[in-house]
1. For the chain, take N as its residue count and report Rg(C-alpha) divided by 2.2 N^0.38 Å.
2. Could you work out which residue, out of 21, 84, 109, moves most in a Gaussian network model of the chain, that is, has the largest mean-square fluctuation with Cα springs under 10 Å?
3. Per DSSP H run of at least 4 residues, take -39500 (n - 2.57); add these up for the chain, divide by its residues and hand me the 222 nm value, nearest 500 deg cm²/dmol.
4. Stretched out fully, how many nm does the piece from residue 44 to residue 208 gain, at 0.36 nm a residue minus the Cα gap?
5. Return a whole-number percent for the relative contact order of the chain, with Cα pairs under 8 Å and 6 or more residues apart as the contact set.
6. Using the Cα gyration tensor of the range 3-153, with a ≥ b ≥ c the square roots of its eigenvalues, what is the shape: rounded (a/c below 1.5), prolate (a/b larger than b/c) or oblate (neither)?
7. Considering only protein heavy atoms and a probe of 1.4 Å, how much of the accessible area of the chain is carbon and sulfur, as a whole percent?
8. Apply the a/c threshold of 1.5 to the C-alpha gyration tensor of the range 115-237 and tell me whether it is rounded, prolate or oblate.
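The values are calculated or read from the model by the stated rules, or taken from the named source; none is laboratory data. What you are looking at is a predicted structure, and each value in this text was computed from that prediction instead of being measured. Cβ coordinates were reconstructed from backbone atoms using ideal geometry, including for glycine residues, and neighbour counts include every protein chain displayed. Just the protein is used for accessible areas: all its heavy atoms, side chains included, with ligands, DNA and RNA removed. Shrake-Rupley method; radii C 1.70, N 1.55, O 1.52, S 1.80 Å.
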Amino acid sequence: MSIALPARAKLNLDLAVLGRRPDGYHDLRTTLQAIDLHDLVALAPARETELTITGLPVTNPNHNSVLQALDALEIATSRHLPTRIHLHKQIPPGSGMGGASSDAATALRALAALHHVTADLTAIARQLGADVPFFLTGGTAIAGQRGDHLTPIPTQPMWFAIAWPGVELPTPDVYRAWDDMDEPPAHAPNHLTEAAMSIEPRLKEFANALNNLQGDPKHTWQMTGSGSAFFLRTTSKKEARQATSQLKCWAAVAQSIGPWA
Ligand code: C5P
């Protein structure tokens, strides 16, 4: 038996940072939206665990989140679960679209099915990262606390143009920059935008260029998560295509996706 599943990306439709927590994380309030842009995770039982990766280049393949998910499931079940895993990356890494978290959650679901394992996947997902539990179910959710306490809400049909400047932004660096700001800005829709721009000044130029091309001040490109990708909500697929057609960077058209579990 083998299993292949799409690992969907997300966009943060808004993101408010409410303050720093004693555990070093930050309390958030954010609306998470799953979209149809996705990586692919394919699994088959094997004698020894092996991971191959194609598509967009990733740094540190030996520490890939898919292998971390396998380790965590082996520990939780006290079982050795040797698996041949192939990951095809299409979600830009370090872009704020949750690719690594989605790969981990998708690997957990697929591994549990492949090896007939029953375990509390939500608890394991939480250990793997604040965004990981969302990707067990997807759809649309308001996320609170570290971003891992989820309240599902109905998914609306939505189209997005997405642009990525090719810069990977490490999430911890962006939160550290937010901490270092004398008066952390609380500008809607994403409180982390200025922190991200302070560590990567090219992002400001990138966002300005996108908004100048767009030309309609009622619709602005906004950052997702801790960056570095930006998205524009459009009224149709055609409009999203038009918004990406003039861009020289990595760009995609995506639509909202409802829950899968
Ligand atoms: O949980 P995850 O591994 O995705 O988080 C990466 C880093 O982002 C954390 O180590 C922390 O520095 C920062 N973070 C945070 N508050 C959150 C989520 C992430 O400070 N709610």
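1. 1.00
2. Among 21, 84, 109, the largest mean-square fluctuation in the Gaussian network model of the chain belongs to 21.
3. Computed ellipticity for the chain at 222 nm equals -9000 deg cm²/dmol.
4. Stretched out fully, the residue 44 to residue 208 stretch lengthens by 54.5 nm.
5. 24
6. Since a/c reaches 1.5 and a/b is larger than b/c, the shape of the range 3-153 is classed as prolate.
7. Carbon with sulfur: 51 percent of the solvent-accessible area.
8. Details: a/c = 2.16, a/b = 1.40, b/c = 1.54.
Oblate, because a/c is 1.5 or more while a/b does not exceed b/c.
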